[in-house]
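Since the structure comes first, as structure tokens, the remarks are kept for the end.
The values are calculated or read from the model by the stated rules, or taken from the named source; none is laboratory data. Remember, predicted model here, so these are calculated numbers, not experimental data. All Cβ positions, even for glycine, are placed from backbone atoms using ideal geometry, and neighbour counts span all protein chains on display. In case anyone asks, the SASA skips ligands and DNA or RNA and just uses the protein heavy atoms, side chains included. Shrake-Rupley method; radii C 1.70, N 1.55, O 1.52, S 1.80 Å.
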Amino acid sequence: YGILCSICLSIAHDVILVKNIPFDIQIQDLQQLFSKYGQLGNILLPETKAMAIVQFLDPIDAKKAFQNLAFSKFKKLSLFLEWVPIDIFDSLTTSSIQNSNPKDSNSNSNSELKQAKNHLLVCFYFSF
């Protein structure tokens, strides 16, 4: 068993990690898919598009989305959903999260985005 970092011990009940998504996915696709269940806060879609992070404003809406979309088919792929560590978005600005193209962001936003991605990867690495 791995060692869990203290941040990873708490999960956010309003933020969902979305895995097994098609490479051609866009933020608008995620907004359309998840907004059916409630109002969205932030969406993070890295350039690699290997995963995405979707934040709801209300944890009850996030739970509804999680229950309805986990293992459902989206563009011929089964979605794999997980809850993420708490406070994943606290250090980021909304513009840096919703912008998946680093050319359009200033260097400070890019730095914050890279820091959040690294934090997420470290937490998931140690949670296994």
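See the values below:
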quantity: Condition check for L30: under 18 Å from D87 (Cα atoms) and either exposed (fewer than 12 other Cβ atoms within 10 Å of the Cβ) or touching a strand residue (DSSP E or B) at 6+ places or on another chain (Cβ under 9 Å) (or both); calculated: no
quantity: Only one of I7, I60, I3 that is modelled with pLDDT of 95 or more and outside any strand (DSSP E or B); calculated: I60
quantity: Any pair with Cβ under 8 angstrom, 6 or more apart, that starts in the range 44-61 at a residue that is under 15 Å from Q26 (Cβ atoms) and ends at one that is open to solvent by 40 Å² or more (accessible area, probe 1.4 Å) and aromatic (F, W, Y); calculated: K49/F23
quantity: Single unsatisfied condition, D14 versus (1) of a type in the set (D, E); (2) surrounded by 16 or more Cβ atoms within 10 Å (Cβ to Cβ); (3) at pLDDT 95 or above; calculated: (3)
quantity: The range 20-39 residues that are touching a residue at least 12 places away in the same chain (Cβ under 8 Å) and within 14 Å of F66 (Cα to Cα), paired with ones that are of a type outside the set (A, V, I, L, M, F, W, C) and surrounded by 13 or more Cβ atoms within 10 Å (Cβ to Cβ) (beta carbon under 6 Å, 6 or more apart); calculated: Y37/D61; Y37/K64; G38/D58; G38/D61
